[in-house]
Amino acid sequence: MPNEALLTTANDLRIACQRVSRRVRYESTSELAPHLASALAHLADRPLTPGELAEIERVAPPSMTKTTNCLVERGLVAREDHPSDGRSKVLRLTDAGRETLARIRRARDDWMVHQLEGLTKEELKLLKNATELLNRVVGR
């Protein structure tokens, strides 16, 4: 069992990370619901099958089917035949999907920059160091 100080820090950090994540997703843009934007972001690197995308997003396949159907209907994602498995499909971003994702990322970055404005040099350095540490912690 972790000591009380470690448990308190873990709880406080978890809550702070959740708040930051929620605020960035919901307050920075209303162009797409957060779950749709998240699916787009995963497809930015490479095409994925719906099953792979569901696994990455940690949702049930039927939920991902609804998500991808919405993205396909909006013209943001294309559903294509799998190159080696005739029973499966592959999802890839369309040009409109890439443009939408770029706008969402810009809006989120702009929102975060606005939140950081007014911090001191020391506070910004502390956040930079904390970001590197958080990435190391979650990368385990």
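Taken over the stretch 58-82, the residue count meeting the criterion of being of a type outside the set (A, V, I, L, M, F, W, C), outside any strand (DSSP E or B) and open to solvent by 40 Å² or more (accessible area, probe 1.4 Å) is 10. Look at the stretch 1-24: where a residue is in contact (Cβ under 8 Å) with a residue 12 or more places away in the chain and a partner is surrounded by 11 or more Cβ atoms within 10 Å (Cβ to Cβ) and assigned to a helix (DSSP H, G or I), sitting 6+ places away or on another chain with Cβ atoms under 7 Å, you get Val24/Arg108; Val24/Trp111; Val24/Met112. Tell me, which residue of the stretch 101-135 that is farther than 22 Å from Ala10 by Cβ and β-branched (Val, Ile, Thr) is least open to solvent (accessible area, probe 1.4 Å)? The selected residue is Ile104. In the stretch 115-124 there is at least one residue that is outside any strand (DSSP E or B) and either within 16 Å of the chain's Cα centre (by Cα) or of a type in the set (Ser, Thr, Tyr) (or both). Out of everything in the stretch 40-57 that is farther than 21 Å from Arg25 by Cβ and not small (Gly, Ala, Ser), what residue ends up being surrounded by the most Cβ atoms within 10 Å (Cβ to Cβ)? Taking the candidates together, the pick is Pro50.
Suppose we filter Ala16, Ala39, Ala10 for residues that are part of a helix (DSSP H, G or I) and under 14 Å from the mean Cα position of the chain (by Cα); which single one remains?
Answer to the check: Ala39.
Before we move on, is Val138 free of Cβ contacts under 8 Å to residues at least 24 places away in the same chain, within 24 Å of Pro34 (Cβ to Cβ), surrounded by fewer than 11 Cβ atoms within 10 Å (Cβ to Cβ) and under 16 Å from the mean Cα position of the chain (by Cα)? Yes; evaluated as a whole, the condition is true for this residue. Filtered by the rule that a residue be among the charged types (D, E, K, R) and either in contact (Cβ under 8 Å) with a residue 60 or more places away in the chain or farther than 18 Å from Thr100 by Cβ (or both), the stretch 47-65 gives Glu52, Glu55, Arg58. Within the stretch 53-79, the set of residues being of a type in the set (Gly, Ala, Ser) and touching a Ser or Thr at 6+ places or on another chain (Cβ under 9 Å) comprises Ala54, Gly75, Ala78. All told, Ala96 meets the bar of being open to solvent by 30 Å² or more (accessible area, probe 1.4 Å), hydrophobic (A, V, I, L, M, F, W, C) and in contact with a Gly (Cβ under 8 Å, 6 or more places away or on another chain). Given the criterion of a type in the set (Ser, Thr, Tyr), out of contact with any Leu (no Cβ under 7 Å at 6 or more places or on another chain) and closer than 22 Å to Glu27 by Cα, identify the matching residue among Thr131, Thr100, Thr120. Step by step, each of Thr131, Thr100, Thr120 is checked, and only Thr131 is of a type in the set (Ser, Thr, Tyr), out of contact with any Leu (no Cβ under 7 Å at 6 or more places or on another chain) and closer than 22 Å to Glu27 by Cα.
The values are calculated or read from the model by the stated rules, or taken from the named source; none is laboratory data. Remember, predicted model here, so these are calculated numbers, not experimental data. Here the Cβ is made from the backbone with ideal geometry for all residues, glycine too, and neighbour counts use every protein chain on show. Accessible surface is based on the protein model in full, side chains and every heavy atom, while ligands, DNA and RNA are left aside. Shrake-Rupley method; radii C 1.70, N 1.55, O 1.52, S 1.80 Å.
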